[in-house]
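Each remark here refers to the structure printed beneath this line.
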Amino acid sequence: MIVIEGLSKLYARDVFALDDITLSVGRGEFAFLTGASGAGKTTLFRILLRQELATLGRVIVDGRDLATLSPREVQRYRRTVGFVFQDFKLIQRKTVFENVIFALRILGVPDVQQRRRTFQVLKWVGLQHRANAYPIELSGGEQQRVAIARALVNEPVLVLADEPTGNLDPDLSLDIMNLFREINAAGTTVLVATHDRELVRHVGRRAIMLDRGRVVESA
Amino acid sequence: MIRGLRYFVSEAFLSLWRGRRSSVLSTLTITIALFMLGLFLLLGANLERVVDEWGRSAEFSVYLRDDAAPSEREAIQRELAQDGSIAAVESVSKEAALERFRRDFPELAQATAGAPDNPFPASFEARLQSSGVDVGALATLAARIGAMPGVADVRYDRRWLDRLASLSAFVRYAGFVLAGVLVLAAGLTVTNVVRLALYARRDEVEIMELVGAPMTFIRGPFVCEGIIQGGIGGALALVALRVALELAKSRLAGMAGVMFEVQSLSFVPGASIALLLGGGMLVGCLGGLVAARRLR
């Protein structure tokens, strides 16, 4: 699913955010990207979401070389990737339902299907009863569930989660991780970035460890 | 398509409402710019009409030399009659001119009684066509006739007609220049207001980009916001113009009656209304486009 070869990202002269990274994540795999703050996790995610380009090396996701995509192809690519961030990235002036259905609207799916699918995912994350609430009325855990529902609503092949439990307490973190496990069980590739080693140990999946822009462990 | 448009419009109205202070400011800027443009169009159109009316009622007289030969007189009369601006030509003999003077100015009639010769020249008095008379064409005709043998002088109310025509042209050009500057300023204001809206919603825009929304979907509401501001600005400018015209009519009534009929002042023609409304929307659209262009 993800093939990275010799990836380097240089921000300023001799300041490598990522330094010659080579790794791969198989289709249907669940992997953690771990490392302390500043290790390069977020930079790697930004490159995987095509918000940034690599300085050197190749990044291939689901057969697409991300460096060669046209703006239109970038849009199409992003529609196949679900994302979840630490700060949830919800649109505050839209309700829970609107935040989730939004990702379907741009695909031109018929209205009835949009609504049905949105209710399905909200039910799956256990928030169907909060569909008309605004993000500000929800707890952190609930907001993150909305973000997960939005990431899943258009059935992506890959879900990228950058510190999805960073703002949550340990119990809620485990709940959220269980959701990711379920997503993965349905066949979706999941890559979760976290600095929480305890959580990684608890979930017990493959962990790719970054340190100062380099892969130091991939087991 | 229709769903997309509905989305753009509803998002645009929502954004305008949320940033209503700056929206009102930019809409008013467009209103002022278009009001000025409309005012000059209104003045220009009415001045042009007055020039046209006066031009039509203006006299065009050709005075003949006393020694003009009959063949020369005929040539002059033929030249006048053939011109498209002339409706009819009347020949006034020296005697008839003297007679008319005595009739029109009886108190001065005595002064002419003692004169050994009749001092009044024979003339051709031309009546102009009721429509389609071009002041420029009249000047050419006057020059052509004036150069013909047997002609002593050509008189028509040229000076003030020329002045009025050039005033009308000046009003129009000055209006376009001033309005152009104001419209540019209005466009820049819209750009900045839309840019503010964009800044306020930068998180939302980032989310839209991340879910792979097409650029038209992201930019659409911002461009639509500009178009709405421009359209409202144009409509307000038209209303203000109408009010200004009615106020002018009521204030000027009785003052300028000698020069022209105040009540006959007309509103800008349909094409100008379309220009003001369409122009406002175009300025708004361009402002929105310029602001949204930075989204890639």
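Name the single residue, out of those in the range A:167-184 being of a type outside the set (Val, Ile, Thr) and in contact with a Phe, Trp or Tyr (Cβ under 9 Å, 6 or more places away or on another chain), that is farthest from the other protein chains (Cβ to nearest Cβ). This residue is A:Arg181. Looking at the range B:40-95, which of the residues that are free of Cβ contacts under 8 Å to residues at least 60 places away in the same chain and under 16 Å from B:Ala142 (Cβ atoms) is farthest from the chain's Cα centre (by Cα)? Among them, the one singled out is B:Gln77. Scanning the range A:200-212 for residues that are in contact (Cβ under 8 Å) with a residue 60 or more places away in the chain and touching a helix residue (DSSP H, G or I) at 6+ places or on another chain (Cβ under 8 Å) gives A:Val203, A:Ala207, A:Leu210.
Can B:Gly150 be described as in contact with an Asp or Glu (Cβ under 6 Å, 6 or more places away or on another chain) and either loosely packed, with under 12 Cβ neighbours inside 10 Å or more than 29 Å from B:Val283 (Cβ to Cβ) (or both)? Spelling it out, B:Gly150 is indeed in contact with an Asp or Glu (Cβ under 6 Å, 6 or more places away or on another chain) and either loosely packed, with under 12 Cβ neighbours inside 10 Å or more than 29 Å from B:Val283 (Cβ to Cβ) (or both). In the range A:183-198, of all residues being free of Cβ contacts under 8 Å to residues at least 40 places away in the same chain and outside any loop (DSSP other than H, G, I, E, B), the one that is farthest from the chain's Cα centre (by Cα) corresponds to A:Glu198.
Search the range A:91-100 for residues being in contact (Cβ under 8 Å) with a residue 24 or more places away in the chain and within 16 Å of A:Val121 (Cα to Cα), and hand back the single one that is surrounded by the fewest Cβ atoms within 10 Å (Cβ to Cβ). Working first, answer last.
The initial filter retains those residues of the range A:91-100 that are in contact (Cβ under 8 Å) with a residue 24 or more places away in the chain, namely A:91-97, A:99-100.
Subsequent filtering for residues that are within 16 Å of A:Val121 (Cα to Cα) retains A:95-97, A:99-100.
Numbers: A:Thr95: 17, A:Val96: 28, A:Phe97: 20, A:Asn99: 25, A:Val100: 29.
Within the range A:91-100, the match that is surrounded by the fewest Cβ atoms within 10 Å (Cβ to Cβ) is A:Thr95.
For the range A:10-25, which residues satisfy the criterion of being surrounded by 14 or more Cβ atoms within 10 Å (Cβ to Cβ), in contact with a helix residue (DSSP H, G or I) (Cβ under 9 Å, 6 or more places away or on another chain) and modelled with pLDDT under 90? Of everything in the range A:10-25, those that are surrounded by 14 or more Cβ atoms within 10 Å (Cβ to Cβ), in contact with a helix residue (DSSP H, G or I) (Cβ under 9 Å, 6 or more places away or on another chain) and modelled with pLDDT under 90 turn out to be A:Ala17, A:Leu18. Residues in the range B:17-59 that are within 14 Å of chain A (Cβ to nearest Cβ) and either modelled with pLDDT of 85 or more or assigned to a helix (DSSP H, G or I) (or both): B:Trp17, B:Arg18. Selection of the range A:74-107 for residues being farther than 20 Å from A:Glu142 by Cβ and more than 9 Å from every other protein chain (Cβ to nearest Cβ) yields only A:Leu104.
Of all residues in the range B:139-165, count the ones that are at pLDDT 80 or above and part of a helix (DSSP H, G or I). Please lay out each step first, then the result.
Filtering the range B:139-165 for residues at pLDDT 80 or above gives B:140-155.
In the following step, the residues that additionally are part of a helix (DSSP H, G or I) were identified as B:140-146.
Within the range B:139-165, residues that are at pLDDT 80 or above and part of a helix (DSSP H, G or I) number 7.
Checking each residue in the range B:190-235 for being surrounded by 19 or more Cβ atoms within 10 Å (Cβ to Cβ), at pLDDT below 85 and basic (Lys, Arg) picks out only B:Arg201.
With respect to A:Leu53, determine if the residue is of a type outside the set (Ser, Thr, Tyr) and either modelled with pLDDT under 90 or surrounded by 14 or more Cβ atoms within 10 Å (Cβ to Cβ) (or both).
For A:Leu53, the condition - of a type outside the set (Ser, Thr, Tyr) and either modelled with pLDDT under 90 or surrounded by 14 or more Cβ atoms within 10 Å (Cβ to Cβ) (or both) - is not met.
The set of residues in the range B:186-241 being under 27 Å from the mean Cα position of the chain (by Cα) and within 14 Å of another protein chain (Cβ to nearest Cβ) is empty.
The values are calculated or read from the model by the stated rules, or taken from the named source; none is laboratory data. Everything numeric in this text was worked out from a predicted model, so none of it was measured. Note that we place each Cβ from the backbone using ideal geometry, even for glycine, and neighbour counts take in every protein chain shown.
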